[in-house]
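Worksheet: the structure to be examined is printed underneath.
Each value in this text was obtained by applying a stated rule to the coordinates, not by laboratory testing. Just so it is clear, the structure is predicted and the values come from calculations on it, not from any experiment. Ideal geometry is used to build each Cβ from the backbone, glycine not excepted, and the neighbour counts take in all protein chains shown.
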Amino acid sequence: MPPSSIDHSGPDGTFNTVLLERHTCAWLLLPVLAFMAGWMHWYISLPAAALLVWGIIKGARSSAPDRDGMPEQAPFPLFTRQSLCVLAAFIVVMIFSGWGGWVNQHPDHIVRNACLQELVSSPWPVVFPDGDVLIYNIGFWIIPALAGKLAGLDAARILLPLWGAWGFFLAWCWICVFSGRRSAVFALLLIMFGSLLNLQCWLSLDLFRLHYFGIAEQIMCSANASIPVILFFTWLAAGRMLPGWLLPLFSCMAFYSPLAAVGGLPLIVCEGIREWKAGRSGQAVWSVPAVLAAAIPGICFLIYYGHVNAPSSRMGLRPFYTGWGDFLLIGTSFLTYALFCWRDFRRNPLFLCTLATGLLLPFLYVNGDVNDLLCKGSVPVMGCLLAFLARTYALHPSLRLWIWILLLLGLAPRFNLPYYFSAPEPMRLHLKNLPAPDGWTARELRKLILAEHACVQDGWKGTMYHPGHRWHPYYSGSPGWWYRLVFR
């Protein structure tokens, strides 16, 4: 492990994480390499993929002398009875969040289902009948879609929740490494972490103005853009990422979610400066292989997303902290958990940068009905703060009760799974025939269970080509000459 990681307030040296590093790196890189092979011209994809792999290999070799000089460490086993139970729980969460289309889903899955089916049934790259191309953060679907091309759509639908669950499982492993012990409690902490939505509802705060949701909501609505980012930044906060891997893997975040990359950029700059000042191995962050492995793929991703048809006029700065409601929104967001972590991490530059980034993000705005930059850009902050909170939870048993109280205040039913999944169909039919109850609690419970809007979102019938829909410009693009230079 690099010497610079010793500054992190974590139990460094507790585990040998080489195997975990390889699994995490493979999970993040495989979709990127598949995208390069399927979308780019061969004269671009081969050098870009070679540079990316070269940067990863050089980053691993640059840290080898530091590993050799460390005392013997116990390996971190990936597969134990407890970890298999945690993995199974994550699979259940992914399925019941709607991924794969096996249960009722959030309305946003009308796009998610169509994207998977489009990637399975259409040649790569996906070109619409009018000549526009599919431009979307498709990384999460690429590996399941490859399975679908080989074995049919149902194979892709089966693999999709398994692929997402494996990403969350790896994030849980890094949280356990940072906390110094393996515990299933951290899996529950991972799923429940988020803003205090119940308080925000009771206070009638304008949720969509801030849009700091939690991990459960991110899984339900946009796991495709959030799971890779949460994995990367929990790993970063754990202090065990190899310095030479920082920039190449961060360029992959720009592929998974460009808005998350914008929100995570200050954290990467902070960590890169720390590593560079730390010593010889830390200077691998800014080595030629690392910079080239990040810059060339990153430019390709910038060209890809830069051709999207989404209106750019809805971007810019917005006033914030101008009224009491703004302070209440921040005070009931997931940034509240920083108070628990302050004593242990107040001297940690990454923690301070995480907190500052979370407080400054509301000043930036992208898109119309919700602040997409804040919704996606806050995920890196959420991932880092989650790791710091888990470490605090392990260190201070006296704080655990208060942490759980705040976590319970985040479980607002109208934003979580029951609202969209609803009851089995026979029970729903039975409830429809009963007279409406008189009490407010009974009415809300009936509304929650009945959930007449809940269904499997298959209204787009397997294609992303819906030019009359208001969402269409946000995942389609008109290829210009720069695009055609790089992409097929």
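Values as computed for the structure displayed
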quantity	calculated
R0 of 35 Å, Cβ-Cβ distance W482-L352: FRET efficiency to nearest 0.05	0.35
Efficiency of FRET between W286 and K461 - r from beta-carbon atoms, R0 45 angstrom, step 0.05	0.40
Per-peptide average of other Cβ atoms within 10 Å, ordering 241-254, 392-405, 122-135 highest first	241-254, 122-135, 392-405
Relative contact order computed over the range 96-166 (Cα-Cα under 8 Å; 6+ residues apart), in percent	31
Extended-chain gain in nm, criterion 0.36 nm per residue less alpha-carbon gap, W404 and L203	70.3 nm
